[in-house]
1. Hey, any hits in region A:56-67 for a residue that's modelled with pLDDT of 95 or more and more than 14 Å from chain B (Cβ to nearest Cβ)?
2. How many residues are in a loop (DSSP other than H, G, I, E, B), open to solvent by less than 50 Å² (accessible area, probe 1.4 Å) and within 11 Å of chain A (Cβ to nearest Cβ) if we restrict to region B:31-73?
3. Just to be sure before I move on: is B:E28 of a type in the set (D, E), surrounded by fewer than 10 Cβ atoms within 10 Å (Cβ to Cβ), within 30 Å of A:E47 (Cα to Cα) and at pLDDT 85 or above in the structure I sent?
4. Would you call A:E85 open to solvent by 100 Å² or more (accessible area, probe 1.4 Å), at pLDDT 90 or above, in contact with a strand residue (DSSP E or B) (Cβ under 9 Å, 6 or more places away or on another chain) and not in a strand (DSSP E or B)?
5. Can you tell me how many residues in region A:68-92 are more than 14 Å from chain B (Cβ to nearest Cβ) and more than 17 Å from A:E7 (Cβ to Cβ)?
6. Just need a number here: residues in region A:8-62 that are of a type in the set (A, V, I, L, M, F, W, C) and either over 14 Å from B:M66 (Cβ atoms) or touching a Pro at 6+ places or on another chain (Cβ under 8 Å) (or both).
7. For A:I77, work out the one condition from (1) under 18 Å from the mean Cα position of the chain (by Cα); (2) surrounded by 19 or more Cβ atoms within 10 Å (Cβ to Cβ) it doesn't fulfil.
8. Look through region A:26-74, keep the residues that are among the polar types (S, T, N, Q) and assigned to a strand (DSSP E or B), and return whichever of them is most open to solvent (accessible area, probe 1.4 Å).
Amino acid sequence: MKTKIYESMVLLDNALVREDWKKAKATVTDTLTKYGASIVTCRRYDEKKLAYQIKGKNRGTFVMCYFTLEKDTMAEIRREWELNEKVLRSLILRVEEVPATEHELAAAENNADFVVPAPPPDDMVEEEEPIIDPVPLDEIMVPDLNDVDLDSKA
Amino acid sequence: MAQQRRAPAPPISGKYCEDHMPDYKDVEHLKKFLSAHGQILSRKRSGYCTQCQKALKLAIKRARHMALLPFVG
């Protein structure tokens, strides 16, 4: 069977990430290696508020992995993530190649001085962008229509 | 009865599609093609060609599955 490249995005429970990031990442990578996949890159994609609640959670951490797979074990990988309670969502897609930026971002995360920020509490309210104050009415210059000479334009 | 005025159709060209290929990770871009209720805009409103509109539909549905975009509202 020809080796194919896959992209997987996994949404993890923040409670697991708060315990230990390496342990949380291992839940993704261990499953892949268990079923014969070789991981190209694996990194923390983002931590953000979810568009809707999943298992009572409002926030989650996304992990992005690129891997190659020779065996036909995709169904088992999907099933394992489906049964894992700490994995809220998963998506596996076939891709032609690994993006060039992905290697740099994954390498930056693997550096010793890289620290994964602790996820905020689940009920945290995100700050909205400040609304720019409109121009005060006093500063708006309105020409006096009585002074406008309409005849000269005609 | 007064005839309802339709919004003018955006320009449709291959250049537009090439520059704005939909990706499920690009949430800010995908949000532009959702109505206030979270519905996908028609091809007439989005300006995509047939194939790219299908790619847009797939990208939005993938983003919805990953809770990056809402299903409703």
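1. yes
2. Result for region B:31-73: 6.
3. Here the answer is yes, as B:E28 does meet what is asked.
4. So A:E85 passes the test.
5. Step one: list which residues in region A:68-92 are more than 14 Å from chain B (Cβ to nearest Cβ), which gives A:68-77, A:79-80, A:83-86.
Filter again for more than 17 Å from A:E7 (Cβ to Cβ), leaving A:71-72, A:75-76, A:79-80, A:83-86.
Going through region A:68-92 one residue at a time, the tally reaches 10.
6. Qualifying residue count, region A:8-62: 13.
7. (1)
8. Residues of region A:26-74 among the polar types (S, T, N, Q): A:27, A:29, A:31, A:33, A:38, A:41, A:53, A:58, A:61, A:68, A:73.
Now narrow it down to the ones that are assigned to a strand (DSSP E or B): A:38, A:41, A:53, A:58, A:61, A:68.
Numbers: A:S38: 63, A:T41: 7, A:Q53: 118, A:N58: 48, A:T61: 1, A:T68: 29 Å².
Per the stated criteria, the residue is A:Q53.
The values are calculated or read from the model by the stated rules, or taken from the named source; none is laboratory data. Keep in mind that what you see is a predicted model, and the values were worked out from it rather than measured. Backbone-built Cβ (ideal geometry, glycine too); neighbour counts: all protein chains shown. The area values use the complete protein model at the heavy-atom level, side chains included, leaving out ligands, DNA and RNA. Shrake-Rupley method; radii C 1.70, N 1.55, O 1.52, S 1.80 Å.
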